[in-house]
1. Express the Stokes-Einstein translational diffusion coefficient of region 18-107 in µm² s⁻¹, to the nearest whole number, given a Kirkwood radius over alpha-carbon pairs, 25 °C and a viscosity of 0.890 mPa s.
2. Under 19 Å from the Cα of residue 118, which lysines turn up, not counting those fewer than eight places away in the same chain?
3. Provide the packing ranking of 107-113, 62-68, i.e. peptides ordered by the mean count of other C-beta atoms within 10 Å per residue, highest first.
4. If a paramagnetic tag sat 7 Å from the Cα of residue 54 along the Cα-Cβ line, which residues of region 82-112 would have the backbone N under 14 Å from that point?
5. Modelled label-to-label distance, residue 28 and residue 115, 7 Å Cα→beta-carbon offset: nm?
6. State whether region 55-122 is rounded, prolate or oblate according to the following rule on the C-alpha gyration tensor (a ≥ b ≥ c being the square roots of its eigenvalues): a/c under 1.5 gives rounded; otherwise a/b larger than b/c gives prolate, and the remaining case gives oblate.
Amino acid sequence: MNSRTFLRIMLLSGLAIPFASAAALPDTEKKKIESLISHLESLKGSKFNRNGKDYDPATAAKFLRGKWDANKDSILTAKDFIAKAATKSGTTGKPYLITLKAGGPQTPCADYLGERLKELEK
């Protein structure tokens with residue numbers, strides 16, 4: 001192997017390492033995301049509104065886990081999860097809303113989860 005080939009191999013190997021590690025979701029962020037979803041799932045009596053239709057907490061959690069999985073390559077932090085998976089419909093652009101109790105006000109899901117994330121990070 002000549003020095004030029006060796007240099008190319010070393011250069012390509014060195015470039016691959018940062019990209020491989022950048023694509024991996026850190027365990028701390030994964031735990032935060034799961035905590036956010038589990039928190040929504042535990043909100044008995046709440047409603048998750050997506051595209052004008054209300055869903056129970058278990059259905060909302062299942063949907064958000066699916067959206068997280070579908071966007072896993074671009075979600076590297078809990079903030080990414082909120083921005084890319086839990087803010088709005090990718091189809092209609094309508095914001096996801098959460099109602100914590102019957103007759104209560106609707107809150108943008110991104111705002112609610114953002115506050116919850118701040119609590120988790122304290």
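No value in this document is a laboratory result; all are computed from the given coordinates. Computed from a prediction, not measured in an experiment: that's the story for all the values here. Reconstructed Cβ throughout: ideal geometry from the backbone, glycine too, with neighbour counts over all protein chains shown.
1. Numbers: Rh = 13.7 Å.
Approximately 179 µm²/s, per Stokes-Einstein.
2. Within the straight-line cut-off, residue 118 pairs with 30, 31, 32, 79, 84.
3. Numbers: 107-113: 19.1, 62-68: 17.0.
Put in order of decreasing packing, that is 107-113, 62-68.
4. Answer for this model: 97-107.
5. The modelled label-to-label distance comes out at 2.5 nm.
6. Numbers: a/c = 1.74, a/b = 1.22, b/c = 1.42.
Oblate, because a/c is 1.5 or more while a/b does not exceed b/c.
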